[in-house]
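Working notes, structure below.
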Amino acid sequence: MKKAIVILFILLGLIWNYNSIVYAQNNQISNEIFEKLCIEAEKGNSAAQFTLGLVYANGNGVTHNDEEAIKWWKLSAAQENPGAELYLGIAYASGIGVIKDEVEAAKWYTKAAEKNSKIGQLMIATVYSEGIGIVKNHEKAAFWYRKAAAQGVGEAQARLGELYATGEGVKEDLQEAIRWWKLAANNGIVRAQVYLANSYALGKGVEIDSIESVKWQQLAADNGDSRMQTQLGFSYYEGSGVPKNHELAVKCWNKAAEQGEPLGQYMLGKAYSSGFGIEKNSTEAIEWMKKAAEQGEVHAISWLGFSYYFGRGIEQNIEEGLKWIRKGVEKGDSTSQALLGNAYYTGQGVIQDYSAANKLYNLSVKQGDGFGELFLGFAYYEGNGVVKDYVEASKWLEKAADKGLEDAKMLLQEIKKNR
């Protein structure tokens, strides 16, 4: 906010032809310039009054004083200076220098917006959209967003696109949403870049275009969006819109993981576990999987449960495995349901209970989980907790085999031999 105010201060100085204003490197004005501003403000120059308010608000060459800033902005606003009206709105909305009053804030935003202040238009559109200090009205929000968007305000362009995407205040029109998002994205609004990346990936409002999707993924990723860093990693991993490159995929996931993105952490852990795109390292794999799992990433939770329970890639720890498996079941994760079912089936770490096992298997297969299909097929093959049935066993094992589970393929061959 301070940076924006300083920039506005400099621009206003140019507009008023105060060419003698010289800013030091720390943006402090000289005593001479401050005195000139005071003289002009006392004479009733609304621009000088507004600027003097900014000087006090920022502490530029004077002691920071919000109340003094408000005093000068009110005098300037009394002469209908849109900048002063806008900043009074911001002050009342935030309670800086005045008692917080959202109704009063909306009033000043409206005054500034009606004088074609593009930021005033953005602010009044936002309060209409959210119903802050004013009755929520999506049609009026759209009206003011359009005004600000037409003046090149990227945030307004992004929000107008959102309204067209949802049909709030305007007729739903995905193509119109795309048009505004492109303008916003080119103005550096990261979430608009994200919208475009997803739209081209899914074919919403545009034809599916993986190359165009990757273009926007890259821009958003470069701007620090961890979700798009993760998605860009998948694009490189799968070779979608870009040449397949596991090393670049891992670099993208590492950037996302470092920012705390759980899916990025999971994929980085998976890369370390499997050794694709990076040297295999089980310690790093577990570290990143735990970070993801602690944020509720179900894939990481089931990975930890499976790995600890069966000792795959790490030292077997049935108790630790069951801890993570139960967390996954609580989240409705189908693989965790299958794994807990297997624990009850074998009695490893819990009291053996075929009935409980098969209940969990059936929950798992309803979600199409390959492990659930494998284990349920095995239950029918052995006839534990269910009536022995090679036909039913084969049905579930074939589903698991289609998902690439080698144990299912081997058991299917065994059934064929016995029939």
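The values are calculated or read from the model by the stated rules, or taken from the named source; none is laboratory data. Keep in mind it's a predicted model, so treat the numbers as computed, not measured. In this analysis, Cβ positions are derived from the backbone assuming ideal geometry, glycine residues included, and neighbour counts consider all displayed protein chains. Only protein heavy atoms, including side chains, enter the accessible area calculation; ligands, DNA and RNA are left aside. Shrake-Rupley method; radii C 1.70, N 1.55, O 1.52, S 1.80 Å.
Some values worked out for this structure:
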item	result
Matching entry among Leu360, Leu397 (being closer than 17 Å to Phe306 by Cα and surrounded by 20 or more Cβ atoms within 10 Å (Cβ to Cβ))	Leu360
Residues (in contact (Cβ under 8 Å) with a residue 24 or more places away in the chain, assigned to a loop (DSSP other than H, G, I, E, B) and surrounded by fewer than 17 Cβ atoms within 10 Å (Cβ to Cβ)) located in region 28-48	Gln28, Ser30, Gly44
Single condition Arg419 does not satisfy, out of (1) loosely packed, with under 13 Cβ neighbours inside 10 Å; (2) at pLDDT 95 or above	(2)
Flag if Glu279 is under 26 Å from Leu219 (Cβ atoms) and modelled with pLDDT of 95 or more	no
Residue identified as part of a helix (DSSP H, G or I), of a type in the set (Lys, Arg) and closer than 24 Å to Met228 by Cβ among Lys323, Lys255, Lys327	Lys255
Residue that is nearest to Tyr344 (Cα to Cα), among those in region 363-394 that are under 44 Å from the mean Cα position of the chain (by Cα) and open to solvent by 80 Å² or more (accessible area, probe 1.4 Å)	Leu363
Condition broken by Ala125, with the remaining ones in (1) free of Cβ contacts under 8 Å to residues at least 24 places away in the same chain; (2) within 29 Å of the chain's Cα centre (by Cα) satisfied	(1)
Flag for Gln79 being among the polar types (S, T, N, Q), in a loop (DSSP other than H, G, I, E, B) and at pLDDT 95 or above	yes
Residue list for region 295-315, filter: assigned to a loop (DSSP other than H, G, I, E, B) and modelled with pLDDT under 95	Gly311, Arg312, Gly313, Ile314, Glu315
Unmet requirement for Gly269, which otherwise passes all of (1) over 19 Å from Val194 (Cβ atoms); (2) under 20 Å from the mean Cα position of the chain (by Cα); (3) open to solvent by less than 30 Å² (accessible area, probe 1.4 Å); (4) not hydrophobic (A, V, I, L, M, F, W, C)	(2)
Selection from region 51-91 of residues that are closer than 19 Å to Gly120 by Cα, within 37 Å of the chain's Cα centre (by Cα) and open to solvent by 30 Å² or more (accessible area, probe 1.4 Å)	Pro82, Ile90
